[in-house]
1. Just the residues that are open to solvent by 20 Å² or more (accessible area, probe 1.4 Å) and either acidic (Asp, Glu) or modelled with pLDDT of 90 or more (or both), please, taken from segment 451-465.
2. Out of (1) surrounded by fewer than 22 Cβ atoms within 10 Å (Cβ to Cβ); (2) at pLDDT 90 or above; (3) under 29 Å from the mean Cα position of the chain (by Cα); (4) not in a helix (DSSP H, G or I), the odd one out for Thr205 is which?
3. If you take the residues of segment 103-116 that are among the hydrophobic types (A, V, I, L, M, F, W, C) and out of contact with any Phe, Trp or Tyr (no Cβ under 7 Å at 6 or more places or on another chain), which of them is farthest from Arg167 (Cα to Cα)?
4. Which of the following residues is open to solvent by 40 Å² or more (accessible area, probe 1.4 Å) and assigned to a helix (DSSP H, G or I): Ser302, Ser309?
5. Hey, any hits in segment 148-170 for a residue that's in contact with a Gly (Cβ under 7 Å, 6 or more places away or on another chain) and surrounded by fewer than 16 Cβ atoms within 10 Å (Cβ to Cβ)?
6. I'd like to check something: does segment 46-62 contain any residue that is closer than 30 Å to Leu404 by Cα, within 21 Å of the chain's Cα centre (by Cα) and crowded, with 19+ Cβ neighbours inside 10 Å?
7. Which one of Ala245, Ala227 is part of a helix (DSSP H, G or I) and modelled with pLDDT of 95 or more?
8. Tally time: how many residues in segment 140-167 are assigned to a helix (DSSP H, G or I) and either touching a residue at least 40 places away in the same chain (Cβ under 8 Å) or within 17 Å of Met102 (Cα to Cα) (or both)?
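The values are calculated or read from the model by the stated rules, or taken from the named source; none is laboratory data. This is a predicted model, so every value here is computed, not measured. All Cβ positions, glycine included, derive from the backbone under ideal geometry; neighbour counts span all protein chains shown. Just so you know, the surface numbers come from the protein's heavy atoms only, side chains and all, with ligands and any DNA or RNA stripped out. Shrake-Rupley method; radii C 1.70, N 1.55, O 1.52, S 1.80 Å.
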Amino acid sequence: MRTTVAASLPRSTPRAVPRQQSISDALIGLLADLGVERAFGVIGGAIAPFFDALGKSRLKVHHLRHESGAAFAAVEAYFAGGRPTLAVCTSGPGLTNALTGMMSGRWDGAKVVLISGATATALRGRGPAQETSAQTMPYSGLFTAGPLFDYAVMVESPAELPQVAFRLASGLARPGRFVAHVSLPIGVQTAPAPGPLPALVDGFTAPGISPEDAGRIARLLSEGPFAIWVGFGARHASAEVRALAEKTGAPVMCTPRAKGIFPEGHPQFIGVTGLGGHGVDAALARSKPARILVLGTRLTESTCFWQESLAPPQGFVHVDLDPDVPGAAFQTVRTLAVQADVAKFLRALLPRLPARAAGRASRTLRLQEPRMAREPRPDGPVRPDVLLEAMQKVVVEGSDAVVLAESGNAFAWAIHALRFQEPHRFRVNLAFGAMGQAVTGVVGAALARPGKAVALVGDGAMLMNCELSAAAQYRAPAVWVVLNDGRYGMVAQGMAAQGFTPCETDFPPVDFVAVARAMGADGLRVEREAEVEPALALAMAARGPFVVDVQVDRAIPGPWMKRIQNLILQGASGKKA
């Protein structure tokens, strides 16, 4: 057949034929319009068409080495950059590998969308490779909303795309978390997109509080002294929390995830509750609050261990976006539940509260813990508290880096010893406690923000999944500070504290600097305390990923005994009666 070229076009210029937009193209374009800038994933056959579309899109794509690492990186990129993120995986094991990171993100309150590949309808039940279907996986929960996902769907037809687009837009626009899963069979990924997608949801107004209710709560709090308990849900209300504290003179404590929302150096700050915390009981006993105003926290075990000494005589006023949170942790304590955005609540409350009496000076309420500046010992392994003191100076006070703390002794030491004076600089996952979140999440955090991201981690976590190779590929300004003692330290120390004999908690020594260099990163081994500060300074000055491999003293237990006491109360004791 002869082809005729239009007369208006020169023969040497072929006519550009626009590519038909596929479902993958349309979905990626929608996510970009909703604020997603980065995608983290691992490619596989069942998700290859979607990855191809990603590579042609305006999103920045980061190909990691394990799906759980990709999911953790997406979660921490959200918290570091403030924008929703995309995680991508293939079918079968790709999906199951990603679930831990997605579950952790849901517990933390992230906004992350997971796109996974799925098996074509005609092949299900016939034994296709990496089958993802109701024949191989529980459909309820993975592909429907529930404990895993706020929204989940397996898209079987292009006609479903407008509904999916609406659900994603509304979920990402609303206040609070949104963790979604959209599973796409290969044929759907490449299918032509239907007509125009629905108009984007511009946003939701976070619930506030009526003037009448604000006045009633102000009168309650004015009946006697009260304390303020700050949670991670108050991270966007730092200025309002400080204004409330300084106007009323109320003592302030915080949960581990809320470090820095209220300055930890402020004279009204009495300490951190929960795992690695400071034991605020004595300070509360001195101030004798009748009520405690709780702002944006679920009060989980690691947040407070449900200590009766933290429950005031007149109970809690508990503010949270989730109406199921207030009263759930301290079930026998009187609680006034307030469903509201913390910042809006405080802005309504502040003008209705009387200021503290004129001339009443603010006093230091916290029992000061003397921080002895130790002389570095010339030999032997590094004491963890000496390392943390150096991190406070070089990383926290000497930079604007965000600090992530890994599960184990690392997060107990970080919570206990580091002090932050501003919000959004400390990240720890306590409630779900997924090991591997910081060692992989630090890559996402480093890529999503301007400046460094530093992870304090254990050697066991580094061996589990560290994404050093991906960090080197993308020149992520990430730093790993490794507590290297050749064992699962918290597990070994915790088992011994409960009266058990540690079982196979030691492992062969690892040179993480050699590992880092083998993967294209850099690092420095630290064996003496005098070497700690210079090594940290070198890491913070490095242009790419850097590992500080610190040989720590395994004989010094982490500050987590309340966790052990709680386990013993639950029946975990090897000591003979």
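1. We begin by selecting, within segment 451-465, every residue open to solvent by 20 Å² or more (accessible area, probe 1.4 Å); these are 451-452, 463-465.
Result: Gly451, Lys452, Leu463, Met464.
2. (2)
3. Looking only at segment 103-116, we keep the residues that are among the hydrophobic types (A, V, I, L, M, F, W, C), and these are 103, 107, 110, 112-115.
From what is left, the residues that are out of contact with any Phe, Trp or Tyr (no Cβ under 7 Å at 6 or more places or on another chain) are 113-114.
Values: Val113: 11, Leu114: 14 Å.
Going through the qualifying residues, I end up with Leu114.
4. Numbers: Ser302 fails: open to solvent by 40 Å² or more (accessible area, probe 1.4 Å).
Only one candidate qualifies: Ser309.
5. Looking only at segment 148-170, we keep the residues that are in contact with a Gly (Cβ under 7 Å, 6 or more places away or on another chain), and these are 148, 150-151.
Now drop any that are not surrounded by fewer than 16 Cβ atoms within 10 Å (Cβ to Cβ), which leaves none.
Within segment 148-170 (the criterion being in contact with a Gly (Cβ under 7 Å, 6 or more places away or on another chain) and surrounded by fewer than 16 Cβ atoms within 10 Å (Cβ to Cβ)), the answer is no, since none of the residues qualifies.
6. Yes, because at least one residue in segment 46-62 is closer than 30 Å to Leu404 by Cα, within 21 Å of the chain's Cα centre (by Cα) and crowded, with 19+ Cβ neighbours inside 10 Å.
7. Ala245
8. Pass one, segment 140-167, residues assigned to a helix (DSSP H, G or I): 140-142, 158-167.
Subsequent filtering for residues that are either touching a residue at least 40 places away in the same chain (Cβ under 8 Å) or within 17 Å of Met102 (Cα to Cα) (or both) retains 140-142, 158, 161, 164-165.
The qualifying residues number 7.
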